[in-house]
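**Student:** Okay, here's the structure, questions in a sec.
Read-outs throughout are calculated quantities, based only on the coordinates presented, and are distinct from any laboratory measurement. Please read these numbers as outputs of a predicted model, since none were measured by experiment. Quick reminder, even Gly has a Cβ in these numbers, built from the backbone with ideal geometry, and neighbours come from all protein chains shown.
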Amino acid sequence: MAAEMSEANIKRKYESPRQVARQTKILATAREMLDEGGYEGLTMRGLAQRAGVAQGTLYNLYGSKDDLIFEAVDDLLAGLAEHIRNRAPSPGIDAILVHSEMSAQSIRSQPAYAEAMTRIVMGIQQDSPMVDVVFARFVPALLENLTAADREGELEQGLDLEAIAKHMTGNAWSVTLLWIMGLIDMDEFEKERERNTLLTLVGITTGNRRAQLRERLNRLQLR
């Protein structure tokens, strides 16, 4: 999925058209370099040369390479979240499964972004804005879907749904980390994300819904 940094987001920090244009070019060039060479392929010196700005300008604007990548990928993840919301069925278990599937497909289609973001995730501090970008942004959607499933009587009683939403978000990133570490291949990525989601859902659902999910998990194991 292609993504461009929105002018509205840029104007939060920079008001002049010249500054907005410069930042747009820097972030677009950063995304190109991520696509081509991943995290290691993007250097501040190389980006400065390719974007036609001084290296000191990059550090003045962003502070560090990771902060720059955060800005470059922020809209990509926001666009993905919006795309999933628009494509998913009514809130509930089915929407959770669609969310997992589409997220995995997006990562598989743009592995360089996933690699860069996962490296940054490993170094996130509690007060970092990256927490909202890579984690908290996805928790409310999962919580909404779990709440809808609970209203339908599909979940075990007395569950802490917010804690489960956080758990599932963390687990989703853990599969990406397994790929970064070379413990699973990209060809296995979508299957592992689905397995991860199903294992959690089977453990918290009841009745017919649990039986459906368990059957789906069994079929997945045979693939």
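**Student:** Sorting 39, 59 on the 10 Å Cβ count, fewest up front, what's the list?
**Tutor:** Going from sparsest to densest Cβ surroundings: 59, 39.
**Student:** Additional query: Quick check on the exposure proxy: order 223, 50, 209 from fewest to most C-beta atoms within 10 angstrom.
**Tutor:** Final ranking by Cβ density, sparse to dense: 223, 50, 209.
**Student:** Each residue of segment 148-165 in order: what ³J(HN,Hα) in whole Hz does its phi give by Karplus 6.51 cos²θ - 1.76 cosθ + 1.60, θ = phi - 60°, with x for Gly and Pro?
**Tutor:** Ordered by residue, 3J(HN,Hα) equals 5, 5, 5, 4, 7, x, 8, 10, 4, 6, x, 7, 8, 5, 5, 5, 5, 4 Hz.
**Student:** Residue 205's amide H: which non-local residues (gap 5+, or another chain) put their own amide H closer than 5 Å, with H modeled 1.01 Å from N in plane and none for Pro or chain starts?
**Tutor:** Result for residue 205 returns 156.
**Student:** Would you mind putting 154-164, 135-145 in packing order, based on average other-beta-carbon counts within 10 Å, highest first? Kindly include the intermediate steps, with their values, before the conclusion.
**Tutor:** Values: 154-164: 13.4, 135-145: 18.0.
Averaged packing, sorted descending, gives the order 135-145, 154-164.
**Student:** Can you put 191, 65 in order, fewest other beta carbons within 10 Å first?
**Tutor:** So the residues, fewest neighbours to most, are 191, 65.
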